[in-house]
Structure formats: C-alpha cells, structure tokens
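Inspection log for the structure reproduced underneath, given as structure tokens.
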Amino acid sequence: MKVSKFGGTSLASAAQMKKVVQIVLADPERKVVVVSAPGKRFASDQKVTDLLITCAEEKLQTGKIETDSLLAILQRYEEITTGLALPPTLLDELESRLRHRLAQPIVEKAPWIDGVKATGEEASSLILAALLRKQGQDATAIDPKEAGMLLTSEYGQARVLPEAYERLSSLREREGILVFPGFYGFTSEGNLVTFPRGGSDITGSILAKAVGAQLYENFTDVDAVYSVSPAYVANPKPISVLTYQEMRELSYAGFSVFNDEALQPAFQAKIPVCIKNTNNPSAPGTMVVFEREAKPSTIAGIACDHPFCSILVSKYLLHREIGFGRRLLEIIEDEGISYEHSPSGIDQISVILRQDSLSAEKEVRIRQRIEEELQVDHIEVVHDLSMIMVVGEGMRSYPGIAAKATNALAQAEVNIVMINQGSSEVSMMFGIKQSDEHRAISSLYQAFFEENN
Ligand code: ASP
C-alpha cells in the first residue's frame, strides 16, 4: 500500500484535479490519498489557505462574513466543481461548511481560525472523492476526527499524539480509495487543530507510518529535489537518492521542498519517500531513504540560508574556564533567543543567531552583560552572514571534502567567517558574508557537481 500526498498546485484547478485522478488510478497500491487545499494556479495567484486566513482575519476585525476573500474562495470552488462537471449540490455543501465555520462563536481566536483554515483541505477531499466516484471508483472522503487523527492542542502548531497511530491503523481495513484531508486533526477534547503551514506533508507522513505503507509518495510541481536552488545556479542537477539525514540538514538550511517535521514519522518507520511531479509523473523523482551507499563524491546538495549574526567572544584561555559556555548561553537565553550554533576554540567562542531574533536593544543588553559578567577581552557582533551547508553522507567516511570546499571558496575569493562540521557528520557549514553568497555557492557547485569528481 502507498500513501500518496498531493500538494496545493496539484489541486489548484479542475485540470490539475484530473491529473491527480489519473495518477491515483494508474496504480492500485495508491489507496490512501492525502490532499492539500487548492494552491496557486500561477505565480501571482493566491492559495485557498491564504484566502481563508484573510477571510477569518477580516471577520475578526469587522465582524463581517461577506468579504471579497470569501467571494474569491467560493469562485475557486465553483470553477473547480463546474470544470469537473460535479453536481451543484457539492458546491452548496462546500459553501455551507465554510459559512458554518465562519459563523461559529469566537470563544478563543486561535481554535476558531484553525477551524476556518482547515476548510480548504476538507473541500479538496470532498471534491476529489466525488470525482473518483464519478469515474466509477469506490472512494470516500475521510473525516480525520472519526479516523483518529489525534493531535496536541497547540493551535496552528499541533503535533501528533502517540495514540493516533493505533487509531489510524484501522484505515488499512477500509475498502476503496480513501481521500484524507491534510493539515488538520483533532485534540483529545474533540477540537479541530491545524499543523504549521505546509502541514499536509505531516499528515501524509503520519498516515504512511500508521498504515505501514511501503512508500510515501509526495506529489508536487517539480521533477525532483535539486542539488542546489535554481536561484543560485542555472539548471542544477537533480538528486535521485538522498537519506533522511541529508534531507533534514538541507531543509534546515533553506531547502523548502518539504515541511521539515514531516519526515519524522516516516523516518521512524523507515518508510521511503518519493518526491514526484504531478505534471510529469513519469519522471523518476527523488527518493528519500533510510540509508544509502556513500561514495567519496557523495555530496547530496548545497543549501544556504540568511541572515545570521555572530556574537564572537574572546578571552585568554577560556577553554579552561568551567561554566563559561553555559553562562554565555544563559545570557542569550534570558533574552528569549534560541541560538543556532556555537563553534569554539582555545580563546574564542562564537554564538550564531538568526539575525531577526536579535533586536538592537537586545544586542546592547547582551553585550553589556557579557562584558560585565564574563570579564571577556573582546566582544564583536558580526551582522549579515549567510550559512552555507554542504551536505553528503560521503563526509562520514571520506577525507578531503572540507579541503575541496574551502578550496572552492578560496578560488572565489570568499572569506570564511566560520566553519562548523555538523555533529551528525553528514554536513559542513560555512559562515560567510551575505554579499559573497552567490559567488560562494556557484564555486562550490562547480567543484562538487561539475568538475570531474
Ligand atoms: N494548505 C496548507 C498551507 O498552505 C497546508 C498544506 O498545503 O500543506 O499551508
């Protein structure tokens, strides 16, 4: 059995929905189909989820339900259902469900918004199941409450509860194609709650684990995951196979193919994930697997994120001072900031933070406290850094990758502000000036993917 998840662009229009049906019917193993809300049809279009959020916020501000965003959502549903020649009663049903949610009393803002936000996925599941039935298939839109998608009560940020797996596993016994709306579930008290944005990926991964799927397919709008973002290099090489660990490290550093958390349940159950293109289903896509054979040249990809800043602290022989690192990190913790990395040396330690978490006032307070409480020789805050991550299983066992990377950076005349070999041993991180980012990435790409290696 396969769990197949279709993202927003795959369900954005009647034409896209037809492609989804073809893909589902092409393989009888595709029994559990997870759907996002209709997404963008073209670059400047709006996702239904974004329209739903606007609609909810307008209601909160003005008390009105009849807004342009409501109209835009209903128009999208109408375009899709008429384009698929589905009965008008389905459109009425979608409209009345949405109006019902909007009309619910607002006891607390967050649960009420989650209720509205989730109607996009609910609509997709009802439309797709109706379309499959119209083609003579036995298909059901599943209600996540009845199926047991039990989540924590962190509205907009929910996580799965362990008992959900047992409940959801009985989906295996159900007949026909099960169309499951992504992105939301219910708390143990029965309140609707959503995952973070992009959370339909998480739904798919949870279901794959719950039903013990042989494969979790994630259909999107690209042929594969690329070794570097096309924003930096024209026509980058696609990645055919990468491990969970590599995928996680790449998504941490700005690869946005997958919702980061989504991999966890499938990973725990060692279920491979295949990322494929709804618009080109015959392309092999990218497989994410538990382990793979590593060759010396096995660099999976290069990712990059910005802006970061670094608080660099120098003190003679600080490595011998017990508790120095803890006290430094405590000062940062007291400002409510989480740190990203903390490379250290004999006389120096730096703490890397996301720049948007360090306001000017916080920076002044942190500097003052470090000077006073830690009696340091020197402190410097460097802004506008980029973190470049070179990721590959080959790093675990083969020497020379760091040399190759630093060489490539030197050739591009990029000054390295910081190097950090991830404790996971499958990644290496370079802190550089943000203004050097493009040059650095294209030089690294050339060294690892274009030259004979
Ligand atoms: N529709 C939701 C979003 O846009 C969830 C998803 O598509 O995965 O974030």
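The values are calculated or read from the model by the stated rules, or taken from the named source; none is laboratory data. Given the structure is predicted, the values throughout are model-derived calculations rather than measurements. Neighbour counts are summed over all protein chains in view; Cβ atoms, including those assigned to glycine, are modelled from backbone coordinates with ideal geometry. Keep in mind that these areas ignore ligands, DNA and RNA; they rest on the heavy atoms of the full protein, side chains included. Shrake-Rupley method; radii C 1.70, N 1.55, O 1.52, S 1.80 Å.
Report relative contact order for the stretch 82-241 in percent, whole number only (criteria: Cα-Cα under 8 Å, sequence separation at least 6).
Details: 219 pairs, mean separation 29.8, N = 160.
With pairs under 8 Å counted, the relative contact order is 19 percent.
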Point to revise | Solvent exposure, largest accessible area first (probe 1.4 Å, DNA, RNA and ligands not counted), of 316, 184 | key: 316, 184
Revision key, fill the gap. Quick shape check on the stretch 43-142: root eigenvalues a ≥ b ≥ c of the Cα gyration tensor, a/c under 1.5 is rounded, otherwise prolate if a/b tops b/c, else oblate, and it reads prolate
Review point. Can you give the accessible area per residue of the stretch 264-308, in Å², using a 1.4 Å probe?
Key: 44
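In square nanometres, what is the average projected area of the Cα convex hull of the stretch 310-379?
Orientation-averaged projected area of the Cα hull: 4.1 nm².
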Check your understanding: What is the Cα coordinate range of the chain on the first, second and third principal axes, sorted by size from largest, in whole angstrom?
Key -> 75, 54, 41
Point to revise | For residue 378, solvent-accessible area (1.4 Å; no DNA, RNA or ligand), Å² | key: 90
Check your understanding: So what's the gap between the Cα centers of the stretch 364-407 and the stretch 192-214, to the nearest angstrom?
Key -> 35
Review point. Sorted by packing (mean other beta-carbon atoms within 10 Å per residue), highest first, where do 263-271, 21-29 land?
Key: 263-271, 21-29
Check your understanding: What's the carbon and sulfur percent of the chain's accessible surface, probe 1.4 angstrom, rounded to a whole number?
Key -> 48
Study note, to complete from the structure: Over all viewing directions the Cα convex hull of the stretch 195-256 casts an average projected area in nm² of 5.2
**Study point:** Average Cα contact separation per residue, the chain, under 8 Å, 6 or more apart, as relative contact order %
**Key:** 13
Check your understanding: When the gyration tensor of the stretch 349-453 is built from Cα positions, what are the square roots of 5 times its three eigenvalues, in whole Å, from largest to smallest?
Key -> 32, 16, 11
Point to revise | For the chain, with +1 on Lys and Arg beta carbons and -1 on Asp and Glu, the positive-most of 394, 137, 125 along the dipole | key: 137
Exercise for review: Calculate the radius of gyration of the Cα atoms of the stretch 360-418 to one decimal place, then report Dmax, the largest Cα-Cα distance, as a whole number, both in Å.
Suggested key: 17.5, 45
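On a 20 Å Cα-Cα criterion, which of the cross-link pairs 209/270; 5/40; 109/362; 5/276; 40/109 come out too long?
Working: 209/270 9 Å; 5/40 17 Å; 109/362 30 Å; 5/276 10 Å; 40/109 27 Å.
Correct reply: 109/362; 40/109.
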